[in-house]
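Only one structure is covered here, and it is reproduced in the block below.
Please treat every number below as a calculation from the coordinates, not as lab data. Quantities reported herein were computed from a predicted structural model and do not represent experimental measurements. Here the Cβ positions follow ideal geometry from the backbone for every residue, glycine too, while neighbour counts run over all protein chains shown.
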Amino acid sequence: MSNYKSINHPEIFEFHDSTFELDHVDEKEIAVYVQGLNISKDTEQNPKKYALEIKRAHILFQGVSEFTYDPGRIWKTDDNGNSVPVGPEIKYRGKEALDKIKEDFLTGAEIYSHSIVEDDHYEICGHGNEPFFLISFQAQEIIVEWDEYLGPAWFELARQFNRELVLKTQDGDMPSEAHFVILYDSEELYKSDDTNDVDPKEIRVGIEFGGKKYWGRGKDCSGQDAFADLQKQLPDDVVLKCCLSCRHGSRSPFSNALDLLYCMKDVIISGKTDLCHYTIDTAEANKRKRCYTDICEHWAKQSDDAFVYSDYPLYLKQG
């Protein structure tokens, strides 16, 4: 008996880039072994607060019927630049479709996606003997069983998001977009139950300016060094105009969180102890919370004559 089981809940799994290897197939059921299958977080079988990769799973589709197998078509570009199919459309049904499914799964088929078309009708696309296939069938029951996990799912190791960012240039302020990439170590992450409890191994921040892509990289879990590294790579007359580079943007003395600081434009701050009330008191903290890339009309360049509780200016001075 397996340690974990799921019945009729394929929606909790991520099939992309998994591999199906045939166990057995007939007119009543299809059974495969699966490598590279991931299970979502917040599910009964997942003890972590992030998606996990299953070491090896067994999937049984029971009560199968209405098989179709579409090997896809070759496409070419015609003289007008349009994509057009080559040859007639081919679609196998019934026993012929079942034989084609068996051939692909015997050699190991890489799966692109699995989708539920209706309550009990499934589509699987991928490649095996054919460079592309679309399999469709009806199943009364789907049983997924497995014994252990390998670690975090591949997509948990690199989290990404974008934020609007303003660049101060000699031609005036220019809107841009900052692309964040947060990378985690697989072994370190797997030791914890939640990604929020683990420091990333690297943070990257990228922008595009003048037709060129610039990337800042850093090891500080707060990401301040990544922003400083990005600023150093930009032309001398281009400045990241944002809360992180503003003299009013200070960090909390009690947190090293990524992408979080507090606006102190209406308060005189001479040391980090002056920040305690404003970052602990809920009302004050909520009023002053900012993301690194936020900006307002009160932005002012950081300087040595105005205290700011931030490592960003220190990283800028480092060689």
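For the chain, with only Lys/Arg (+1) and Asp/Glu (-1) charged at the beta-carbon, what is the dipole magnitude about the Cα centre, in debye rounded to 20?
Numbers: 36 positive and 59 negative charges, 306 e Å.
With Lys and Arg at +1 and Asp and Glu at -1, about 1460 debye.
If neighbour count is taken as other Cβ atoms inside 10 Å, put 264, 1 in order from fewest to most. Spell out each step's value before the answer.
Working: 264 21, 1 5.
Final ranking by Cβ density, sparse to dense: 1, 264.
Can you give the helix-only mean residue ellipticity at 222 nm for the chain, where every DSSP H stretch with n ≥ 4 adds -39500 (n - 2.57) and the sum goes over all residues, rounded to the nearest 500 deg cm²/dmol? Mind dumping the intermediate values first?
Working: 6 runs with 47 residues, N = 319.
Counting only the DSSP helices, I get -4000 deg cm²/dmol.
From the P(r) of the stretch 264-319, can you give the percent of Cα pairs sitting at distances over 19 Å?
Values: 546 of 1540 pairs.
Taking all Cα-Cα pairs of the stretch 264-319, the fraction more than 19 Å apart is 35 percent.
Provide, in order from the shortest bin, the percent of all Cα-Cα pairs of the stretch 63-117 in each 10 Å bin, continuing until the bin that contains the maximum pair distance.
Final binned percentages: 19, 39, 29, 12, 1.
Show which lysines lie in cross-link reach of residue 265 when reach means a straight Cα distance below 16 angstrom and same-chain residues fewer than eight apart are skipped.
241, 287, 289, 301
With angles folded into 0 to 90 degrees, how steeply does helix 94-107 sit against the dominant principal axis of the chain? Use alpha carbons for both and round to 10.
Roughly 60 degrees between the two axes.
Arranged from highest to lowest average of other beta-carbon atoms within 10 Å per residue, in what order do the peptides 216-223, 66-73 appear? Numbers along the way, then the final one.
Numbers: 216-223: 19.5, 66-73: 17.8.
Going from most to least packed, we get 216-223, 66-73.
If we sort 142-155, 78-91 on the protection proxy, mean other Cβ atoms within 10 Å, highest first, what's the order? Let's see the in-between values first.
On the way: 142-155: 17.8, 78-91: 8.2.
So the order, starting with the most tightly packed, is 142-155, 78-91.
Among 207, 155, 45, flag the residue with its Cα farthest along the positive direction of the charge dipole of the chain, charges on Cβ as +1 for Lys/Arg and -1 for Asp/Glu.
Farthest along the dipole direction, towards plus: 207.
Hey, fewest Cβ within 10 Å first, where do 276, 125, 242 land in order? Don't skip to the answer; put the middle values down first.
Working: 276 12, 125 18, 242 25.
In increasing order of surrounding Cβ atoms, one gets 276, 125, 242.
Is the stretch 158-317 rounded, prolate or oblate when judged by the Cα gyration tensor, a ≥ b ≥ c being the square roots of its eigenvalues, rounded requiring a/c under 1.5 and prolate requiring a/b larger than b/c? Display every interim value, and only then the final one.
Details: a/c = 1.84, a/b = 1.03, b/c = 1.79.
Because a/c hits 1.5 or more and a/b fails to exceed b/c, the stretch 158-317 counts as oblate.
Taking only the Cα atoms of the stretch 4-152, how large is their convex hull per residue, in Å³?
On the way: hull volume 18.7 nm³, N = 149.
Given the Cα convex hull of the stretch 4-152, per-residue volume reads 126 Å³.
Residue farthest toward the positive end of the dipole of the chain, with Cβ of Lys/Arg at +1 and Asp/Glu at -1: which of 165, 20, 88?
After comparing all options, I get 165.
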